[in-house]
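Working notes, structure below.
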């Protein structure tokens, strides 16, 4: 059962979340709050979660969720029969209704030993624990996160969290991603995003004579001479923001 949760304006300025997760990943992260119990835990059933949070989007929800785990925003764990997800620092930022706490939860609490049972390559329960290899540095990315109490900004204590073995490989952005980033930095427009992608696609994503390495830096250069967008005040419930986001995406697909 989905529940109402709080969202703070600073969420949308969380560059760590934005740089390590796609737009659907950020929307999924918000949506998971509404499915979690009062301790920030939920059972992970990919088909059901997708139907509840991203029903209109063609995507690999497991892949998106695994990236949220690897970038330290959620943690998967298992009791050996079912897979669960824990939202990092959920209890510091949410104030569940007292009836939730009184009703209790049948979701087991997160602990590190239960995390080792999940194979993050495929998001399955690993019956053969000998296949699991501990982190080389002995640390867990999620445990190295500090949360600023009033901002919902997650800041890793070190910048070594590995998101993907191909994180240095350049992947051309979509028009939606460019427009989302322009919106984030407060410059550009949806039309400029289309122009940007069309221009660099025609050049094979080459800047001068060099293959593009950082498309966000190119977007910043592209919009240098443009006027800043007018500030927008957008504060609402998780349901309102999620609905608005889905309507925005549907209108353009």
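Read the figures in this text as sums done on the coordinates, not as results from a lab. Bear in mind that the values here come from a model prediction, so they are computed numbers and not experimental data. Here the Cβ positions follow ideal geometry from the backbone for every residue, glycine too, while neighbour counts run over all protein chains shown.
Laid out as a table, the results:
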quantity: FRET E, pair residue 199, residue 62, Förster distance 41 Å, beta-carbon r, rounded to 0.05; calculated: 0.75
quantity: Protection-proxy order for peptides 24-31, 96-103, each taking the mean of Cβ atoms within 10 Å per residue, highest first; calculated: 24-31, 96-103
quantity: Gyration tensor (alpha-carbon) shape descriptor, the range 70-110, a/c threshold 1.5; calculated: oblate
quantity: Projected label distance in nm at residue 185 and residue 19, using a 7 Å step from Cα toward the beta-carbon; calculated: 1.3
quantity: Backbone N within the range 85-118 under 17 Å of label point (7 Å from residue 6 Cα along the Cβ vector); calculated: 88-101
